[in-house]
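So the structure is just underneath, and the comments pick up after that.
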Amino acid sequence: MARKGFSMPAPLKTGELAREAGVNVETIRFYERKGLLPEPPRRSSGYREYPREAVRRIRFIQRAKELGFTLREIKGLLELRVDPDTTCNEVRDRATEKIADVKHKIADLRKIEKALRKLTESCSGSGPKDGCPILVHLEKNL
């Protein structure tokens, strides 16, 4: 209940939330479907009313995505974020796991780069495409 002289911040409609969080309306709906954003109550008119905390939650999701966390991983981080028993070490463990995942992906990308470099070096860039070593390699075992 609001104290006298203080007003509760007005809830946000979907478009307002999208604007304040810096995403589009479809992103909000997507996050709801994925369970990252709780579906809010609706007004009698049918408009959804999001609490102002939803802006912070969406920004959190966006920053986690920028750091490479998957939606499943972000859901886990959000659960840790609201669990009063969560320790900083638990959150750190999740970030450490992500670092290991990123290192593995970097190693895979280096292997791909090396293979592509070898293929492009084997191609003179002249002659008919039928003899192109890149296409020949890609068509192997088809």
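The values are calculated or read from the model by the stated rules, or taken from the named source; none is laboratory data. Note that the coordinates shown come from a computational prediction; the quantities given were computed from them, not determined experimentally. Neighbour counts are summed over all protein chains in view; Cβ atoms, including those assigned to glycine, are modelled from backbone coordinates with ideal geometry. We work out accessible area using only protein heavy atoms, side chains counted, and drop any ligands, DNA or RNA first. Shrake-Rupley method; radii C 1.70, N 1.55, O 1.52, S 1.80 Å.
Restricting attention to region 36-55, the residues that are small (Gly, Ala, Ser) and modelled with pLDDT of 95 or more total 1. For Ala100, the test of being open to solvent by less than 90 Å² (accessible area, probe 1.4 Å), over 26 Å from Ile61 (Cα atoms) and part of a helix (DSSP H, G or I) is failed. Any residue in region 92-117 that's farther than 17 Å from Leu78 by Cα: show its pairings with residues that are of a type in the set (Gly, Ala, Ser) at Cβ separation under 9 Å, as long as the two are six or more apart or on different chains. Hits for this filter: Asp101/Gly68; Val102/Gly68; Lys105/Gly68.
Given the structure, is Ala100 among the aliphatic types (A, V, I, L, M) and under 24 Å from Tyr31 (Cα atoms)? So Ala100 does not fit the description; no. In summary, Thr87 fulfils each of the numbered conditions (1) under 30 Å from Arg33 (Cβ atoms); (2) within 24 Å of the chain's Cα centre (by Cα) with the single exception of condition (1). Based on what the data block shows, is Glu66 farther than 20 Å from Pro9 by Cα and touching a Pro at 6+ places or on another chain (Cβ under 8 Å)? In short, no. In region 24-82, how many residues are touching an Asp or Glu at 6+ places or on another chain (Cβ under 7 Å), open to solvent by 50 Å² or more (accessible area, probe 1.4 Å) and under 25 Å from Lys105 (Cβ atoms)? Residues in region 24-82 being touching an Asp or Glu at 6+ places or on another chain (Cβ under 7 Å), open to solvent by 50 Å² or more (accessible area, probe 1.4 Å) and under 25 Å from Lys105 (Cβ atoms): 0 in total.
If only residues of region 30-49 that are out of contact with any helix residue (DSSP H, G or I) (no Cβ under 8 Å at 6 or more places or on another chain) and in a helix (DSSP H, G or I) are counted, the one that is nearest to Lys65 (Cα to Cα) is Phe30.
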